[in-house]
1. If I ask for residues that are part of a loop (DSSP other than H, G, I, E, B) and exposed (fewer than 11 other Cβ atoms within 10 Å of the Cβ), which ones from the stretch 1-13 would you list?
2. For PRO16, state whether it is loosely packed, with under 11 Cβ neighbours inside 10 Å and not in a helix (DSSP H, G or I).
3. Pick from the stretch 31-79 the residues that are outside any helix (DSSP H, G or I) and closer than 23 Å to VAL20 by Cβ: which of them is modelled with the highest pLDDT?
Amino acid sequence: MGVTVPTLLRLEAGDPTVSVGILASALWLLQRDAELGQLAAPEQDGGAIELDVREAIELGKSRAQASAEARLRRLQEGR
């Protein structure tokens, strides 16, 4: 492949700092280069999906908190 052993180890470990060119070369050598198109497919990015879900949950919690606080203020103002 023409890369150093540390680079190969990083590639095998899934290190995101390994260049796409090196990844493409490795996939080509393994005859799996047809899968390159899936690398950028959003539905394949489990980490991003998980992050989106966590952010949505936190947003829901903060909105629920703000709504509860607004209701409480309205009740206190009505007294």
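The values are calculated or read from the model by the stated rules, or taken from the named source; none is laboratory data. None of these values were measured; they are calculated from a predicted model. Positions of Cβ are generated from backbone atoms using ideal geometry, with glycine treated the same way; all protein chains shown enter the neighbour counts.
1. Matches in the stretch 1-13: GLY2, THR4.
2. It is true that PRO16 is loosely packed, with under 11 Cβ neighbours inside 10 Å and not in a helix (DSSP H, G or I).
3. Across the stretch 31-79, the extreme among qualifying residues is GLN31.
Yes/no per residue for (1) assigned by TED's automatic domain parsing to the domain that holds GLY14; (2) surrounded by 10 or more Cβ atoms within 10 Å (Cβ to Cβ); (3) touching a residue at least 60 places away in the same chain (Cβ under 8 Å); (4) under 24 Å from the mean Cα position of the chain (by Cα):
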position	(1), (2), (3), (4)
LEU27	yes, yes, no, yes
GLN31	yes, no, no, no
ALA34	yes, no, no, yes
ALA48	no, yes, no, yes
ALA56	no, yes, no, yes
LEU59	no, yes, no, yes
ARG63	no, yes, no, yes
LEU72	no, yes, no, no
LEU75	no, no, no, no
